[in-house]
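Q: Here's a structure for you.
The values are calculated or read from the model by the stated rules, or taken from the named source; none is laboratory data. The structure displayed is predicted, hence computed values, not measured ones. Please note: Cβ atoms are built from the backbone with ideal geometry, for glycine as well, and neighbour counts cover all protein chains shown.
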Amino acid sequence: MSRKKVAAIAFKILVIEDDPAFLRFLTHVFEREGYAVSSANNGLAGLRKAREDRPDLITLDVMLPGLDGFEVCHRLRSDPSTAAIPVVMLSAKGQDADRTAALGVGANEFIPKPPDRVALLDKIKELLTVREPPA
């Protein structure tokens, strides 16, 4: 059974991830579904790209060089230009305390790595349904 592609292919996802192999995996998965993907490999670059590109959704690794994902998410939520962008935090650290911390700094979702591809895409689509597609 084939999965339906996203209706609005113009949605932009920013992937903030320092692991090159996992970044390639996420990029492939999202582009295959019709999303436009940009990326950053550290927290500061991710913040800058989020402010410049205004993506429709951000996937954010917890363990990043420089600023960790918790601090990045906190700063995204504190900035009026990025506060409303949905954030899905991904982490190899899957303890309840990490999930609680991620949701506490404003993440919309916390998903342990490696994610189930179908469940991840379903969550992304769910979060994007509340946003208007870009014109």
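Q: Can you tell me which residue in segment 48-61 is surrounded by the most Cβ atoms within 10 Å (Cβ to Cβ), limited to those that are in contact with a Leu (Cβ under 7 Å, 6 or more places away or on another chain) and outside any strand (DSSP E or B)?
A: ALA50
Q: Then there's this: VAL6 - would you say it is over 11 Å from LEU57 (Cα atoms), β-branched (Val, Ile, Thr) and at pLDDT 95 or above? Steps first, please.
A: Working: over 11 Å from LEU57 (Cα atoms): yes; β-branched (Val, Ile, Thr): yes; at pLDDT 95 or above: no.
The answer is no for VAL6.
Results for (1) in contact (Cβ under 8 Å) with a residue 12 or more places away in the chain; (2) within 21 Å of ARG24 (Cβ to Cβ), shown as yes or no for each residue.
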site	(1), (2)
LEU47	yes, no
ASP53	yes, yes
MET63	yes, yes
PHE70	yes, no
PRO80	no, no
ALA92	yes, yes
THR100	no, no
LEU103	no, no
LEU127	yes, no
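Q: Could you tell me whether any residue of segment 99-110 is under 19 Å from GLU33 (Cβ atoms), touching a Lys or Arg at 6+ places or on another chain (Cβ under 7 Å) and surrounded by 13 or more Cβ atoms within 10 Å (Cβ to Cβ)? Explain how you work it out, then say what you get.
A: So the first thing to find is which residues in segment 99-110 are under 19 Å from GLU33 (Cβ atoms), and the list is 108-109.
Next cut, touching a Lys or Arg at 6+ places or on another chain (Cβ under 7 Å) only: 109.
Subsequent filtering for residues that are surrounded by 13 or more Cβ atoms within 10 Å (Cβ to Cβ) retains 109.
Checking segment 99-110: at least one residue is under 19 Å from GLU33 (Cβ atoms), touching a Lys or Arg at 6+ places or on another chain (Cβ under 7 Å) and surrounded by 13 or more Cβ atoms within 10 Å (Cβ to Cβ).
Q: How about segment 54-93: which of its residues are under 9 Å from the mean Cα position of the chain (by Cα) and farther than 13 Å from GLU109 by Cβ?
A: Once the filter is applied, which keeps residues that are under 9 Å from the mean Cα position of the chain (by Cα) and farther than 13 Å from GLU109 by Cβ, segment 54-93 yields only ASP61.
Q: Could I ask something else about it? Every residue in segment 27-47 that is surrounded by fewer than 22 Cβ atoms within 10 Å (Cβ to Cβ) and in contact with a strand residue (DSSP E or B) (Cβ under 7 Å, 6 or more places away or on another chain), please.
A: Residues satisfying the conditions are THR27, GLU31, ALA36, VAL37, SER38, SER39.
Q: Looking at VAL72, VAL118, can you tell me which residue is β-branched (Val, Ile, Thr) and surrounded by fewer than 19 Cβ atoms within 10 Å (Cβ to Cβ)?
A: Working: VAL72 fails: surrounded by fewer than 19 Cβ atoms within 10 Å (Cβ to Cβ).
Of the residues listed, the single one that is β-branched (Val, Ile, Thr) and surrounded by fewer than 19 Cβ atoms within 10 Å (Cβ to Cβ) is VAL118.
Q: Related question: Any idea which of VAL72, VAL130, VAL118 is of a type outside the set (Gly, Ala, Ser) and within 20 Å of ALA10 (Cβ to Cβ)?
A: Numbers: VAL72 fails: within 20 Å of ALA10 (Cβ to Cβ); VAL118 fails: within 20 Å of ALA10 (Cβ to Cβ).
Sole residue among the options that is of a type outside the set (Gly, Ala, Ser) and within 20 Å of ALA10 (Cβ to Cβ): VAL130.
Q: Take the residues in segment 76-123 that are outside any strand (DSSP E or B), over 15 Å from LEU57 (Cα atoms) and hydroxyl-bearing (Ser, Thr, Tyr), then tell me which one is modelled with the highest pLDDT.
A: Top of the filtered list is SER78.
Q: Same structure again: Would you pick out the residues in segment 16-30 that are out of contact with any Asp or Glu (no Cβ under 7 Å at 6 or more places or on another chain) and either part of a helix (DSSP H, G or I) or closer than 12 Å to ILE124 by Cα (or both)?
A: PRO20, ALA21, PHE22, ARG24, PHE25, THR27, HIS28, VAL29, PHE30
Q: Sticking with this one: Report, by residue number, each residue of segment 62-71 that is in a helix (DSSP H, G or I) and touching a strand residue (DSSP E or B) at 6+ places or on another chain (Cβ under 6 Å). It would help to see each step written out before you state the result.
A: Here is the first cut: in segment 62-71, the residues in a helix (DSSP H, G or I) are 69-71.
Residue satisfying the conditions is GLY69 alone.
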